[in-house]
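Student: The structure follows.
Read the figures in this text as sums done on the coordinates, not as results from a lab. These numbers were taken from a predicted model, which means no experiment stands behind them. Quick reminder, even Gly has a Cβ in these numbers, built from the backbone with ideal geometry, and neighbours come from all protein chains shown.
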């Protein structure tokens, strides 16, 4: 494989195909096919995301087609999307009376229905989500899982609240939920408030999660928007408060797409292929029987089958590779697909009453007594998770550089992210962006107390902000 | 509620809204919104369907947009769909170079990729499926879950095989799988081979599952198609056989949509609302504490919480309704949503060391000793499943009438399905359909040995066939 650090783009394209995650040969630009293995990874990740949301959200499903008149209602929202929505104009042989938009995101599909669902304060809060395909007519360079014309796996949550404070609280809860999600995937992140000129069309403000890709560019992997009363006014969504007065609702929405899978692949992968945390690996354990001759083959295979059953009963996702191949080829195959743990069983292991364990995170092989295998595997899972997390975090932190001049920023961006102080003034912001062809990710949400001089105007109590070249 | 038998259409629309399954107020004809409760029912049903398929199929995901040139390749297939596909013609402000079809079904999206995936006999068989949204520009009367412009929940499986025999075997396996699925939903079905003029566009033949709705019309709830080599020729999909010769693959495909949910609702529901088999009920048990005064309220609520935890630990989907409402209102609420089993806990039950059980299938209430509650619930689930199955089967069978003249058929169709003998000759078939404004579902797949005189031409070894008015 290509080196991940040296030529990330090539490495990325190669691994998507060779590990059978996405097939890029679909005959339309920006549309890709999920291979079965890729889809099984998606299932693991999204099942986990669902389990987090199900704590206090309800899953729903709204139509994919939005009629022109609803889509055209919110001026800022339209402006944000009008150059990149797909229009359905024909049904069968005939022109449609009303053109339909393929949802680029579902505010304009969902909020007319919220208007019907919400009558009184007793109907609030509402917290729903859906996992759907959305569409953008991307004119930029497209890339599987990252910049798509069909986003196949958009988890979008939409909430409605009585007050601004309730919506603020929901934003905080969503931030916590996304933290938990990305921490489980061992994906490091920065949390920033996007500059006003980069917020979601129609939002009061946008909080974003960004991670860092091997080529030093950041990837936005989650966004959370406080919509205030903006859409409530557009769609006339009001409730009767306990005093009998009509009030506009406050709303939030927040989304995660298959970019989380792009990050999972890119952050942890190495030159041997995928590296996956046990929590989301489609196969957590592969059992490889080591058979040199036919002599003790049956005995080894029996032991392998017994172990597989034992692990399955424990809910461990295990595969037994009894194909007629050399062990080395099998090792390569499963390492490439990121299986966290390999158990080898050979005649010598049987004699000694042990199994041989090989970990995908590169630690030396070890032996474990047969009757301790279950505990051994669980322990190995924990250790692997921790070592993947630590490696990712270390690499991430090492590529964030504190800078006090634009020259330092220029150098820092070659490796990753620049950490600066910015007063928050748009004029200073635009100057930074224009001079260096980069993006201000925004003011840090987690270092609000840390203050210093603005990198442009030197105003003294400027806040921590991050700069990057972005995907 | 309206009577299900007397006015099915009204009953159906009413229950979709009042039990919060689908919201029909979306501002485009033929598009509907899944309420959270409706979606949780969908989840149960589709999770089960997935678990059946996962035995020997792999889940994948293909793009929703099909380029014109691929869609236009298979002449018969186009003919079948050209009057009802939606066309995307604009991206942003510009016309697209290549118009894109919203998939009405995914043969033309998937098979160009099969061509890339299949090289040798070792790549076969392939068995994949996906659960996706598909689109039809329906000009007929639309109806939630039944006749849609966006089919939100289309499970389509596609398989590729070396030989016709392998494809035939796959058709049989798919029939078994669908039987298992609908049996678990307690939905009775007929399995027939559709007349040639009613098969899937591009298929060699089509096997269909139909159930009977309360108004006497049948609803097609599953289809299985043997595609032979038809699409293989169109998309040039070949493999190298063990002798090194190039051969065309043989294919099958088979689908189930949210009509399975329409059937589930319609077949079992009654004038009180939904009736759901425990296997797919979003809530399997509701616990209702009976509190007459404040006196022993805490004690009763404690017992209810303890029971909830006990059931949750067993993986039972349980809800505790401790809202401040009259018990009668709660009974109504949960009966309407089809919860199979209600456990009532009052002070008297506590004193006696029992729980009171009330079953949704209408059996009298019973009491069970507290320490036997788990077994009691599991037993009740089995009994409820059986009684729902038996009631559905009995009603279904009672509405199938053996007929030997077209006059008898006319009478039989008022109640349901007519069972006749038909020689299979298209001329006789068309005469039946034209004279009575009905559909031949097709020759029975399960009564191939049963022979009699054709209802039209009296030819003596005609096979059993079913006639119906269809949705």
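Student: Between residue A:14 and residue A:233, 0.36 nm times their residue separation minus their Cα-Cα distance comes to what? Can you show the working numbers first?
Tutor: Values: separation 219, 0.36 × 219 = 78.84 nm, distance 4.81 nm.
74.0 nm is the gain from fully extending residue A:14 to residue A:233.
Student: At 222 nm, what value in deg cm²/dmol follows for chain A if DSSP H runs of at least 4 each add -39500 (n - 2.57) and the sum is divided by all its residues, to the nearest 500?
Tutor: Numbers: 14 runs with 168 residues, N = 471.
So the helix-based figure for chain A works out to -11000 deg cm²/dmol.
Student: What is the order of B:60, B:159, fewest Cβ neighbours within 10 Å to most?
Tutor: The most exposed by this proxy come first: B:60, B:159.
Student: If you put a point 7 Å past Cα along the Cβ direction, how far is that point for residue A:58 from the same point in each other copy, in nm, smallest first?
Tutor: Distances between equivalent label points, in nm: 3.8.
Student: What's the angle, to the nearest 10 degrees (0 to 90), between helix A:327-336's Cα axis and the longest principal axis of chain A?
Tutor: Between helix and principal axis, roughly 10 degrees.
Student: Here's another thing I want to ask about it. Within the stretch B:410-449, find all residues whose amide N lies under 17 Å from a label point positioned 7 Å from the Cα of residue B:76 along Cα-to-beta-carbon.
Tutor: So the set is B:426.
Student: Taking chain B as the reference, fit the longest principal axis to its C-alpha atoms, fit the long axis of helix B:426-436 to the helix C-alpha atoms, and give the angle between the two in degrees, 0 to 90, nearest 10.
Tutor: It is inclined by approximately 50 degrees.
Student: Stretch residue B:196-residue B:383 to full length: gain in nm at 0.36 nm per residue minus the Cα-Cα span?
Tutor: Values: separation 187, 0.36 × 187 = 67.32 nm, distance 4.18 nm.
Computed gain between residue B:196 and residue B:383 is 63.1 nm.
Student: Let me ask something additional. Could you line up B:116, A:65 from fewest to most neighbouring Cβ atoms inside 10 Å? Provide the component values of the computation, followed by the final result.
Tutor: Details: B:116 12, A:65 24.
Arranged by neighbour count, lowest to highest, B:116, A:65 become B:116, A:65.
Student: Moving to a separate point now. Is the shape of the protein assembly as shown best called rounded, prolate or oblate, per the rule: a/c under 1.5 gives rounded, else a/b larger than b/c gives prolate, else oblate, with a ≥ b ≥ c the square roots of the Cα gyration tensor eigenvalues? Don't jump to the answer; show the numbers that get you there.
Tutor: Values: a/c = 1.40, a/b = 1.27, b/c = 1.11.
It is rounded, given that a/c, with a ≥ b ≥ c, falls under 1.5.
Student: What nm value, rounded to one decimal, do you get for the distance between residue A:415 and residue B:2 when each label is placed 7 Å out toward the C-beta?
Tutor: Reported label-point gap for residue A:415 and residue B:2 is 7.2 nm.
Student: Then there's this: Once both axes come from the Cα atoms, what is the angle between helix B:406-415 and the longest principal axis of chain B, in degrees from 0 to 90, rounded to 10?
Tutor: With both axes taken from Cα atoms, the answer is about 40 degrees.
Student: Once the Cβ-Cβ distance between residue B:367 and residue B:390 is put in as r, and R0 is 25 Å, what FRET efficiency do you end up with, to the nearest 0.05? The partial results should precede the final answer.
Tutor: On the way: r = 25 Å, r/R0 = 0.98.
Efficiency at R0 = 25 Å is approximately 0.55.
Student: May I ask you to list the residues of the stretch B:385-409 whose amide nitrogen lies under 18 Å from a point 7 Å from Cα along the Cα→beta-carbon direction of residue B:51?
Tutor: B:385-386
Student: Further question: Rank the residues B:103, A:50 as a footprinting-exposure proxy: fewest other Cβ atoms within 10 Å of their Cβ go first. Each step should come with its number before you reach the end.
Tutor: Details: B:103 26, A:50 15.
In order of increasing Cβ crowding within 10 Å: A:50, B:103.
Student: Apply the a/c threshold of 1.5 to the C-alpha gyration tensor of the stretch A:335-383 and tell me whether it is rounded, prolate or oblate. Numbers along the way, then the final one.
Tutor: Working: a/c = 2.36, a/b = 1.47, b/c = 1.60.
It is oblate, given that a/c is not under 1.5 and a/b is not larger than b/c.
Student: In nm, what is the difference between 0.36 nm times the number of residues separating residue A:298 and residue A:68 and their Cα-Cα distance?
Tutor: Numbers: separation 230, 0.36 × 230 = 82.80 nm, distance 6.66 nm.
Extra length available between residue A:298 and residue A:68 comes to 76.1 nm.
Student: Moving to a separate point now. Sort shortest first the distances from residue A:141 to its counterpart in every other copy, using label points 7 Å along the Cα-to-beta-carbon line, and give them in nm.
Tutor: Ordered by distance, the counterparts are at 5.6 nm.
Student: Let me ask something additional. Among rounded, prolate and oblate, which fits the stretch A:8-268 when a ≥ b ≥ c are the square roots of the eigenvalues of its C-alpha gyration tensor, a/c under 1.5 means rounded, and a/b larger than b/c means prolate?
Tutor: oblate
Student: Can I ask one more? Which distances in nm, rounded to one decimal and ordered from shortest, link the label point of residue A:436 to the equivalent label points in the other identical copies, with labels set 7 Å from Cα toward Cβ?
Tutor: Spelled out, the distances from residue A:436's label point are 8.0 nm.
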